[in-house]
Amino acid sequence: MKFFSVPPSKNQILKTLSEITSTIYLENVGRSYGSADAQTTALKGVNLTIQEGESLAIVGPSGSGKSTLLHLVGALDAPSEGKVIVAGRDLSQLNDREASKYRREETGFVFQLFNLIPTLSALDNVALPARLAGQSMNESNDRALRLLERVGLADRKDSPPDSLSGGQQQRVAIARALINDPKIILADEPTGALDSQAGQQVLDLLLDLVEEKNVTLLLATHSEDAVKRMNRVIRIEDGEVISSAKR
Ligand SMILES: Nc1ncnc2c1ncn2[C@@H]1O[C@H](COP(=O)(O)OP(=O)(O)OP(=O)(O)O)[C@@H](O)[C@H]1O
Ligand SMILES: [Mg+2]
């Protein structure tokens, strides 16, 4: 709880309420790279409140800062300015152990190019984050198998990723992102490498999860099909959020 030495203004009260009640709250977030004389600004002055169960499309030209935003919310990167607050916690205040627990157990990251481990079977890829979180082999495998069933790939549990189609690999990657029951799914152009039918299946799956488990979905995309299905869309240009619209 915050205490104020002088009576808080209405704006301060609203800000504090947003920090506490929203799932994801970004306050004046900036991220720059490089030295002062040769600086790239990936994000600047981003203020954003995202509620539990929202599905948010992040759109904008290449290089506008979409991936940077997802990385900050996923604690894969830290802001140069401002705060990223998730479920009331400022991510920059987490120590290394807390940050990796946050990444592993509270978020699920889905990448454009799937990022599965080529030497592991589909089942082992899905089960790995659960084993890393300390679950037994049996428990992790049971959960992984149930998730592969959920994404329609139980019969391919022993297959290595390179024997699966792109759409199938992405479904395995989604199952992996879900194994520790995250409250937030961060998807960086998850349909970018897929044809439109496989892309629709991946979107169906992600949106079913939003509905069933009330997860919060942040999805960076260049696809109009994907945008149409999310309940809010924000547009980023040159690192700034220039619009936010509910659908
Ligand atoms: N590690 C880095 N070092 C230097 N600059 C970087 C780094 N990562 C990103 N950038 C720069 O930050 C800006 C935003 O990049 P970002 O990857 O967030 O864009 P994006 O919107 O995801 O683009 P795309 O649609 O192509 O994936 C770009 O100008 C990029 O070159
Ligand atoms: Mg990107």
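The values are calculated or read from the model by the stated rules, or taken from the named source; none is laboratory data. This one's a predicted model, so the numbers in the text were calculated from it and none came from an experiment. A quick note on method: Cβ atoms are made from the backbone with ideal geometry, for glycine too, and the neighbour counts reach across all protein chains shown. Just the protein is used for accessible areas: all its heavy atoms, side chains included, with ligands, DNA and RNA removed. Shrake-Rupley method; radii C 1.70, N 1.55, O 1.52, S 1.80 Å.
Here are the numbers:
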| quantity | calculated |
| --- | --- |
| Flag for Ala87 being without any contact (Cβ under 8 Å) to a residue 60 or more places away in the chain and open to solvent by 40 Å² or more (accessible area, probe 1.4 Å) | no |
| Among residues of the stretch 150-180, those that are in contact with a helix residue (DSSP H, G or I) (Cβ under 6 Å, 6 or more places away or on another chain) and of a type in the set (Ser, Thr, Tyr), counted | 1 |
| Selection from the stretch 134-192 of residues that are open to solvent by less than 50 Å² (accessible area, probe 1.4 Å) and charged (D, E, K, R) | Arg171, Arg176, Asp188, Glu189 |
| Check on Leu72, without any contact (Cβ under 8 Å) to a residue 24 or more places away in the chain and open to solvent by less than 30 Å² (accessible area, probe 1.4 Å) | no |
| Residue in the stretch 203-225 that is open to solvent by 40 Å² or more (accessible area, probe 1.4 Å), over 18 Å from the mean Cα position of the chain (by Cα) and over 24 Å from Leu132 (Cβ atoms) present | yes |
| Tabulated pairs, the stretch 223-247, first charged (D, E, K, R), second open to solvent by 90 Å² or more (accessible area, probe 1.4 Å), C-beta under 7 angstrom, 6+ apart or interchain | Arg232/Lys246; Arg232/Arg247; Arg235/Ile242 |
| Unique match (being of a type in the set (Ser, Thr, Tyr), open to solvent by less than 40 Å² (accessible area, probe 1.4 Å) and within 16 Å of ligand 2 (Cβ to nearest atom)) among Ser55, Ser64 | Ser64 |
